[in-house]
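For reference, the structure is listed below as structure tokens.
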Amino acid sequence: MEFIYSLFKYSFLQNALIIGIIIGTVAGLVGSFSILQGTSLIGDAMSHAVLPGIAIAFLLGIPLYIGAGIFGILAASIIALITEYSPLKSDTVIGLTFSSFFALGTIIISQGHANAKLNDILFGNILSVSKLDVISSLVVSVVIFIIITIFYRNFYLSTFDKAFAKSQGINVTFYNQLLILMLTVVIIIALQAIGVILVTALLIIPPATARLITNKFANMIKFSMIIGALESVCGLFISYSFDWPSGPSIVLISAILFLIIFIFYRLRKIL
Amino acid sequence: MVKLKINNLTVNYGNKNILDNISITLTSGKIYGLVGSNGTGKSTFIKAIFGINKKTNGDIFLNEEKINKNILKKFFSYVPQRSEIDLNFPINIFDLVLMGIESQKKILDPINENDKNKVNNILEKMELTDLRNRLLSDVSGGQRQRALVARSLIQDANVYILDEPFIGIDDKSETIILSLLKEMKKKNKLILVAHHDLNKIERYFDDLIVFKNKKINEQTPKNYVAEILREAR
């Protein structure tokens, strides 16, 4: 009850609730495609790679997503370059790049005497979200939603059967890269609320849970979006009530729900 | 009549040459077998036609018109190898076959009753009606192959190209697929089927394209089987 009372009283809590719903929904949408394509760990790498950008942006007092965006693109370019010009496999290059970037980010934070902020950056502080953050997240999410709705069939075909999609004249590489771009954008808008370390969970756990509930792709996306939004709200409630960090609260709630659904899924198979 | 002309096709993967300057003209009303042992470039040939893998050199014409994305989409239909399909994807047999129609629709053009009826019709021909709501991962290899062939045959194409549809499937699935391909042949379609097993070649195909040493040549099934048997001795 206290949560609901506070919700009416404090605008920061309203902002937190709205952004929770927005990022839960959009991450559930984009994540549904990426877990089936097997690209979810690219999101994980990306979220770590943007840390130096966030640190620099924080020290300069500019919006965090600008720094995150620049370093996200930089990391992706380095990954593409080294993969192209070396015999190494892309997972090796991804691991190498994101850990180096993450190390650099941590050093910048410690040298910039921003250690107090480090915790927020790593684990998120949904209560520090401003009205501007809410509006920009909403705009970005609506754009992503429109793109996926219009080109749904092309994303769907490119995800399920690349060879068939190509034979039908669909530019599979373009749609896959567009998806990774959207994945990165979602990570950047969710960083402040969930934190660098756990942001990928939002892109993985709700779609994974939805996959266990339904055998129809279109329904999986819908469930994933609903589950993502609900888990963000529940996580925020727990975070506020028990004074736990917001990112881990949301992820823990998501993991518990996944576990419950998994048990039911197995029981249904066995019985 | 449909004529598919391949002119001086060369495909390299990196430094490795897979197909070397091959040319052939194929005409409709026939089922062609693309034969040859594994790794001789049958799938490479198919993927080069569809632009799935880039060709290094050469041109492909359909009725004297150089093929491009639009011609491929409108007049060609493809059945990929069954092993390339992701079985963990949440999709049932009905939706898989429907994909054949969806992929040819304009963006945002919805699926209508007529489309659904078409799917139901072909499912019936393929004897898959009872399995229409079953997940792709929950049916047998032969049933899955029938669904993949149905996804292609539902498209109103002129050229149908199938990659190894007869490998590892049951007799019933084989008979059903073959009879439907023969039905398409009667409608004067051009059908190409990659196949690496010598078995039943004479039953399946009217004519063969034999892949050997980066080159191809046309042969009748009877002569090819006789030649292979002679080599074996």
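Identify the single condition in (1) surrounded by fewer than 20 Cβ atoms within 10 Å (Cβ to Cβ); (2) over 27 Å from B:Q155 (Cβ atoms); (3) away from chain A (no Cβ under 13 Å) that B:G14 does not satisfy, given that it satisfies every other one.
It is condition (3) that B:G14 fails.
Looking at region B:174-197, which of its residues are part of a loop (DSSP other than H, G, I, E, B) and either at positive phi or free of Cβ contacts under 8 Å to residues at least 60 places away in the same chain (or both)? Before you say what the answer is, go through the steps one by one.
Restricting attention to region B:174-197, the residues satisfying the condition of being part of a loop (DSSP other than H, G, I, E, B) are B:187-189, B:195-197.
Listed by number, the residues that qualify are B:K187, B:N188, B:D197.
Out of all the residues in region B:120-173, which are part of a helix (DSSP H, G or I), free of Cβ contacts under 8 Å to residues at least 60 places away in the same chain and open to solvent by less than 30 Å² (accessible area, probe 1.4 Å)? Before the answer, list the steps.
Pass one, region B:120-173, residues part of a helix (DSSP H, G or I): B:120-125, B:129-131, B:136-138, B:141-153, B:171-173.
Narrowing further to those that are free of Cβ contacts under 8 Å to residues at least 60 places away in the same chain: B:120-125, B:129-131, B:136-138, B:141-143, B:146-147, B:150, B:171-173.
Selection gives B:I122, B:L123, B:L131, B:L136, B:G141, B:G142, B:R146, B:A147, B:A150, B:S173.
Within region B:62-81, is even one residue in a helix (DSSP H, G or I), within 15 Å of A:L157 (Cα to Cα) and touching a residue at least 12 places away in the same chain (Cβ under 8 Å)?
Quick first cut of region B:62-81, residues in a helix (DSSP H, G or I) only: B:69-75.
Cutting the leftovers down to within 15 Å of A:L157 (Cα to Cα) gives us B:73.
Of the ones still in play, those that are also touching a residue at least 12 places away in the same chain (Cβ under 8 Å) are B:73.
Yes, the conditions are met somewhere in region B:62-81.
Taking region A:143-152 as the search range and keeping residues that are under 26 Å from B:I71 (Cα atoms) and of a type in the set (F, W, Y), which one is nearest to the other protein chains (Cβ to nearest Cβ)?
The qualifying residue nearest to the other protein chains (Cβ to nearest Cβ) is A:F151.
Please identify the pairs in which a residue from region A:40-67 that is under 22 Å from A:G95 (Cα atoms) has its Cβ atom under 9 Å from the Cβ atom of a residue that is acidic (D, E) and part of a helix (DSSP H, G or I), counting only partners at least 6 apart or on another chain.
Once the first residue is under 22 Å from A:G95 (Cα atoms) and sits in region A:40-67, its partners that are acidic (D, E) and part of a helix (DSSP H, G or I) give A:L41/A:D91.
Could you check how many residues of region B:82-117 are over 21 Å from B:I161 (Cα atoms) and part of a loop (DSSP other than H, G, I, E, B)?
12
Got at least one residue in region A:195-207 being more than 14 Å from chain B (Cβ to nearest Cβ), modelled with pLDDT under 85, in a helix (DSSP H, G or I) and open to solvent by 10 Å² or more (accessible area, probe 1.4 Å)?
No.
Got at least one residue in region A:43-58 being more than 29 Å from A:V172 (Cα to Cα), open to solvent by 50 Å² or more (accessible area, probe 1.4 Å) and among the aromatic types (F, W, Y)? Spell out how you get there, then give the answer.
Within region A:43-58, the subset more than 29 Å from A:V172 (Cα to Cα) is A:51-58.
Next, only the ones that are open to solvent by 50 Å² or more (accessible area, probe 1.4 Å) stay: A:56, A:58.
Narrowing the set further to residues that are among the aromatic types (F, W, Y) leaves A:58.
Yes, there is a match, as at least one residue in region A:43-58 is more than 29 Å from A:V172 (Cα to Cα), open to solvent by 50 Å² or more (accessible area, probe 1.4 Å) and among the aromatic types (F, W, Y).
Need the failing condition index for A:L127 against (1) in contact (Cβ under 8 Å) with a residue 60 or more places away in the chain; (2) within 14 Å of chain B (Cβ to nearest Cβ), just the number.
So the condition that A:L127 fails would be (2).
Failed condition for A:T97, given (1) away from chain B (no Cβ under 14 Å); (2) farther than 30 Å from A:I21 by Cα; (3) in contact with a Gly (Cβ under 9 Å, 6 or more places away or on another chain), with all others met?
Here A:T97 clears every test but (3).
Which residues, counting only those in region B:50-72, are under 26 Å from B:R146 (Cβ atoms) and either modelled with pLDDT under 90 or more than 9 Å from chain A (Cβ to nearest Cβ) (or both)?
Looking only at region B:50-72, we keep the residues that are under 26 Å from B:R146 (Cβ atoms), and these are B:50, B:52, B:72.
Within region B:50-72, B:I52 is the sole residue that qualifies.
Of the residues that sit in region A:153-186 and are outside any helix (DSSP H, G or I) and touching a Ser or Thr at 6+ places or on another chain (Cβ under 7 Å), which one is farthest from the other protein chains (Cβ to nearest Cβ)?
The first filter runs over region A:153-186 and keeps only residues outside any helix (DSSP H, G or I), leaving A:161, A:168-171.
Right, trim to touching a Ser or Thr at 6+ places or on another chain (Cβ under 7 Å) and you get A:168, A:170.
Working: A:Q168: 4, A:I170: 7 Å.
By that ranking, first place goes to A:I170.
Could you check region A:212-258 and list, in sequence order, the residues that are open to solvent by 40 Å² or more (accessible area, probe 1.4 Å) and among the polar types (S, T, N, Q)?
A:N215, A:N219, A:S241 - these are the residues of region A:212-258 that are open to solvent by 40 Å² or more (accessible area, probe 1.4 Å) and among the polar types (S, T, N, Q).
I need a count of the residues in region B:101-119 that are within 14 Å of chain A (Cβ to nearest Cβ), surrounded by 14 or more Cβ atoms within 10 Å (Cβ to Cβ) and of a type in the set (A, V, I, L, M). Working first, answer last.
Keep residues of region B:101-119 that are within 14 Å of chain A (Cβ to nearest Cβ), which gives B:101-111, B:115.
Within this subset, residues satisfying the condition of being surrounded by 14 or more Cβ atoms within 10 Å (Cβ to Cβ) are B:101-104, B:115.
Those left that are additionally of a type in the set (A, V, I, L, M): B:101.
Residues that pass the stated criteria total 1.
Any residue that is within 9 Å of another protein chain (Cβ to nearest Cβ) and of a type in the set (G, A, S) - is there at least one of those in region B:81-98?
no
The values are calculated or read from the model by the stated rules, or taken from the named source; none is laboratory data. Remember, predicted model here, so these are calculated numbers, not experimental data. Heads up, the Cβs are rebuilt from the backbone with ideal geometry, glycines too, and the neighbour counts pull from every protein chain shown. Side chains included, ligands, DNA and RNA excluded: accessible areas come from the protein's heavy atoms. Shrake-Rupley method; radii C 1.70, N 1.55, O 1.52, S 1.80 Å.
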